[in-house]
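The values are calculated or read from the model by the stated rules, or taken from the named source; none is laboratory data. Please read these numbers as outputs of a predicted model, since none were measured by experiment. All Cβ positions, even for glycine, are placed from backbone atoms using ideal geometry, and neighbour counts span all protein chains on display. Keep in mind that these areas ignore ligands, DNA and RNA; they rest on the heavy atoms of the full protein, side chains included. Shrake-Rupley method; radii C 1.70, N 1.55, O 1.52, S 1.80 Å.
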Amino acid sequence: MHLLITGGAGFIGSHISPLALEQGHRVTVVDNLSQGLRENIPQGARFVYGDILRPQSWAPKVGPVDVVIHLAAQISVPASESDPLEDLRLNTEGTLRMLLTAKDLGARQFRMASSAAVYGDESCLPLKEDGPVRPIAFYGWSKYTAERYVFHFAELEGLEAIVFRLANVYGPRQRTEGEGGVIAVFCEALAQNRFPIIHGDGSQTRDFVYAKDVARAFLHRLASPGPATVYNISTETRTSVRELFSMLAGVAGKRQDAFRSAPSRPGDIHDSVLSRQKAKNWGFTAETPLADGLALTWKYFLDRESEA
Ligand SMILES: NC(=O)c1ccc[n+]([C@@H]2O[C@H](COP(=O)([O-])OP(=O)(O)OC[C@H]3O[C@@H](n4cnc5c(N)ncnc54)[C@H](O)[C@@H]3O)[C@@H](O)[C@H]2O)c1
């Protein structure tokens, strides 16, 4: 199949493209490199420079596609709060433009990256796809609104659509600046012999899912996707930030107290864990144990540091 991956030069895209090529698919990446890197696009994939808000300038170069995997987005929660209009433009209007482009390019399937942020600070854990949706930041709203556009468009146009609500994704090539994931931030600090910061008492929990597992989810059952729906992609495992640090310090051979403490950040959700039952019923399970994923991620950051 010919896959068009928007935002494919970013972190998650850098795990999907090589796997898709390995599985025998043809891959075209479109990205404006605002956050992503050219080197994240593997050999064998075609790169088309372009902005999702201006598909008329690049879509004619892409040719017919079978599947659109839509990752390109504004991913920072604080940025969505400081500039909600830009967040809406990139995440909601950008998604609608990609739906229209998918139709123009003859795609039969559309798969979009959404986020656990759509659930907000819900206390009924693990969070289920059919449970309440109450975003607490504009980012959650722009993603949730984009989800609704996907399903409406899918119904109108007979497109096979899947929305993936991703838990906390981690792995090699994740960025550390801005909204960088906590694992990437911890790995980078330890690799540079700095003490990472733990906000609050470290008892806050997250559901960490390895990027390769997320890539497998995006490519799961491309031949027979099933009805339009939403799946959480998660491990359904709660790990506190303190536990995470302890595991990572073990992997990296650092002292267990090699961190600094800082006050909790306002607006941080205390606990987040996503049910994986629905995805399991679809035949998908994120299978990389956190210890293994951490070891691979640590190795990446350590190698990167020694090459710098
Ligand atoms: N990383 C996570 O933990 C996580 C969790 C939940 C959801 N998601 C979602 O997964 C998707 C991918 O996230 P990521 O972590 O790989 O982020 P990323 O920032 O690494 O990748 C996003 C890519 O989109 C590109 N892009 C941004 N605006 C663009 C535009 N206007 N036109 C073309 N390209 C543009 C960037 O250059 C970048 O390469 C996003 O939709 C994000 O909201 C990520």
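Counting only Cβ charges, +1 for Lys and Arg and -1 for Asp and Glu, the dipole size of the chain around its Cα centre is about 480 debye.
Distances between placed amide hydrogens fall under 5 Å for Arg111 paired with Val68, Ile69, His70, Ile162, all partners being 5 or more residues away or on another chain. The accessible surface of the chain, taken with every protein chain in place and a 1.4 Å probe, is 52 percent carbon and sulfur. FRET efficiency for the Ala223 to Glu177 pair, using the beta carbon distance and R₀ = 41 Å, is estimated at 0.60. Taking a ≥ b ≥ c as the square roots of the eigenvalues of the Cα gyration tensor, an a/c ratio of 1.5 or more together with a/b no larger than b/c marks the range 60-139 as oblate. With the simple spin-label model, which puts each label point 7 Å out from Cα in the Cβ direction, the Glu287 to Phe47 separation comes to 3.3 nm. Along the range 50-66 the Karplus relation, 6.51 cos²θ - 1.76 cosθ + 1.60 evaluated at θ = phi - 60°, assigns HN-Hα couplings of x, 10, 5, 7, 10, x, 4, 7, 10, 4, x, 7, 7, x, x, 10, 9 Hz to successive residues, with x for each Gly and Pro. Here's how it looks for Thr205: its modeled amide H is under 5 Å from those of Asp271, Ser272, which are all 5 or more places away or on a different chain. Count the net charge of all other residues whose Cβ sits under 11 Å from the Cβ of Val67, scoring Lys and Arg as +1 and Asp and Glu as -1. Once all neighbours under 11 Å are counted, the net charge is +1. Largest mean-square fluctuation among Gly36, Gly13, Gly24, in a Gaussian network model of the chain whose springs join Cα atoms under 10 Å apart, belongs to Gly24. Here the range 115-142 and the range 69-94 have alpha carbon centers that stand 16 Å from each other. Ignoring the sites themselves, the chain has its longest run without GluC sites (Glu not before Pro) in a DSSP loop having at most 11 other Cβ atoms within 10 Å at 1-176. Pairs over the 28 Å Cα-Cα cut-off, from the set Lys212/Lys278; Lys254/Lys280; Lys143/Lys280; Lys103/Lys280; Lys103/Lys143: Lys254/Lys280; Lys103/Lys280. Highest mean packing first, where packing is the average number of other Cβ atoms within 10 Å per residue, the peptides 111-118, 194-201 line up as 111-118, 194-201. Near Ile233, the amide H atoms lying under 5 Å from its own belong to Arg165, Leu166, Ala167; only residues 5 or more places off or on other chains count, and H is placed 1.01 Å from N.
Per-residue extension of 0.36 nm, minus the Cα-Cα distance of Lys280 and Lys61, leaves a gain of 75.1 nm for this segment. Taking a ≥ b ≥ c as the square roots of the eigenvalues of the Cα gyration tensor, the chain is classed as prolate, since a/c reaches at least 1.5 and a/b is larger than b/c. For a straight C-alpha distance cut-off of 20 angstrom, the aspartates and glutamates reachable from Lys61 (same-chain residues fewer than eight places away being disregarded) are Asp31, Asp51, Asp104.
For the chain, the solvent-accessible area of protein heavy atoms averages 45 Å² per residue (probe radius 1.4 Å; ligands and nucleic acids excluded). What you get for the range 39-92, charging only the Cβ of Lys and Arg (+1) and of Asp and Glu (-1), is a dipole of about 320 debye around the Cα centre.
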